[in-house]
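Right, one structure below, let's go through it.
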Amino acid sequence: MSKMRKKQVVKVLQARDIEILTGLYEHRVLSTEQIMRRYVMSQWYTYKKLRILRNSRFISTHPISGYLANQNRQGSYHRISEIGISCLREQGVPVERRADELRVNIRRLPFLLSTNDVMIDLERYGWIMNDSRDVKERFELNRGANVQGMLTSPGGTEYLFYMFLH
């Protein structure tokens, strides 16, 4: 007879948990691979961390599949939940948006994941990305405008950022 194993949950919030939750809040969605790269974690540790955050209901995980012609499942992406946002608030992290405001339309997902890929690579060189919603608000652009955000160079120069997949 097999012994029932209890789901592992967050008992004490670690600094890395807060970093991942903050990253998911800021970027809206991150793939497993992006989380592994951004937080410099092994694959095993990344999967373990994400499983515990999911068991604690701080994040939700969804399959990446079928967005580009004839592609099967391409891994998973992760989003912060309302419980995760409450957790950040309790840790003193400034959060303004609710989880459903961070939800991404399935058609925009490939653009956002590609944008986040570029951003993760540029972050280590001092570049800063402002979210498309903030940029559209600042410049009074239409909500449907195709801008992905604004990149600010280490020298302070700002560039509107567009992502084309084809």
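The values are calculated or read from the model by the stated rules, or taken from the named source; none is laboratory data. This is a predicted model, so every value here is computed, not measured. No Cβ is skipped: glycine too gets one built from the backbone with ideal geometry, and neighbour counts run over all protein chains shown. To get the accessible areas, we keep the full protein, side chains included, count just its heavy atoms, and leave off ligands, DNA and RNA. Shrake-Rupley method; radii C 1.70, N 1.55, O 1.52, S 1.80 Å.
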ask   = How many angstrom lie between the C-alpha centres of the range 18-32 and the range 136-166?
value = 20 Å
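Size of the dipole of the range 16-166 about the Cα centre, Lys and Arg at +1 and Asp and Glu at -1 on the beta carbon, nothing else charged, in debye to 20?
Working: 22 positive and 17 negative charges, 124 e Å.
Here the size comes out at about 600 debye.
Just the accessible area per residue of the range 119-160, please: how many Å² with a 1.4 Å probe? Before the final figure, lay out each step's value.
Details: 2690 Å² over 42 residues.
On a per-residue basis, 64 Å².
In whole percent, and with a 1.4 Å probe on the protein chains, what portion of the accessible area of the range 1-148 is carbon and sulfur?
Details: 4730 of 9290 Å².
Using a 1.4 Å probe with all protein chains present, the range 1-148 comes out at 51 percent carbon and sulfur.
Determine the shape class of the range 91-166: with a ≥ b ≥ c the square roots of the Cα gyration tensor eigenvalues, call it rounded for a/c under 1.5, and otherwise prolate if a/b is greater than b/c, oblate otherwise.
rounded
Relative to the Cα centre, what is the charge dipole magnitude of the range 73-119, using +1 at the beta carbon of each Lys and Arg, -1 at the beta carbon of each Asp and Glu, and rounding to the nearest 20 debye? It would help to have the intermediate numbers written out before the result.
Numbers: 8 positive and 6 negative charges, 50 e Å.
For this selection, approximately 240 debye.
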request  = Report, in order of residue number, the helices in the chain meeting two criteria: a C-alpha extent of 15 Å or more along the helix axis, and a mean Kyte-Doolittle hydropathy of at least -1.0; treat each whole DSSP H run as one helix.
outcome  = 15-27, 109-123
key: 29 Å Cα cut-off, lysine pairs counted over the chain (separation 8 or more, or different chains)   = 9
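Checking the a/c ratio against 1.5 first, then a/b against b/c, what shape does the Cα gyration tensor give for the range 79-131?
Here the range 79-131 falls in the oblate category.
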task = Take the chain, connect every pair of alpha-carbon atoms lying under 10 Å apart with a spring to form a Gaussian network, then pick out the residue of 138, 89, 28 with the largest mean-square fluctuation.
result = 138
query = Farthest toward the dipole's positive end in the range 56-166, which of 87, 148, 99, given Cβ charges of +1 (Lys, Arg) and -1 (Asp, Glu) about the Cα centre?
reply = 99
message = Per residue, how large is the accessible surface of the range 27-109? Use a 1.4 angstrom probe and give square angstrom.
response = 57 Å²
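With +1 on each Lys and Arg Cβ and -1 on each Asp and Glu Cβ, how big is the dipole of the range 24-107 about its Cα centre, in debye rounded to the nearest 20? The partial results should precede the final answer.
Values: 15 positive and 7 negative charges, 50 e Å.
Charge dipole of the range 24-107: 240 debye, to the nearest 20.
Rounded, prolate or oblate: which one fits the range 32-166, using the alpha carbon gyration tensor with axes a ≥ b ≥ c (rounded when a/c is under 1.5, else prolate when a/b beats b/c, else oblate)? Don't jump to the answer; show the numbers that get you there.
Numbers: a/c = 1.44, a/b = 1.23, b/c = 1.17.
Since a/c stays below 1.5, the shape of the range 32-166 is classed as rounded.
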query = Sorted by mean Cβ packing within 10 Å, highest first, what order do the peptides 13-22, 107-116 take?
reply = 107-116, 13-22
key: the chain - mean residue ellipticity at 222 nm from DSSP helices (-39,500 (n - 2.57) per run, n ≥ 4, rounded to 500)   = -11500 deg cm²/dmol
request  = Would you mind calculating the gained length between residue 48 and residue 15 on full extension (0.36 nm times residue separation, minus the Cα-Cα distance), in nm to one decimal?
outcome  = 10.3 nm
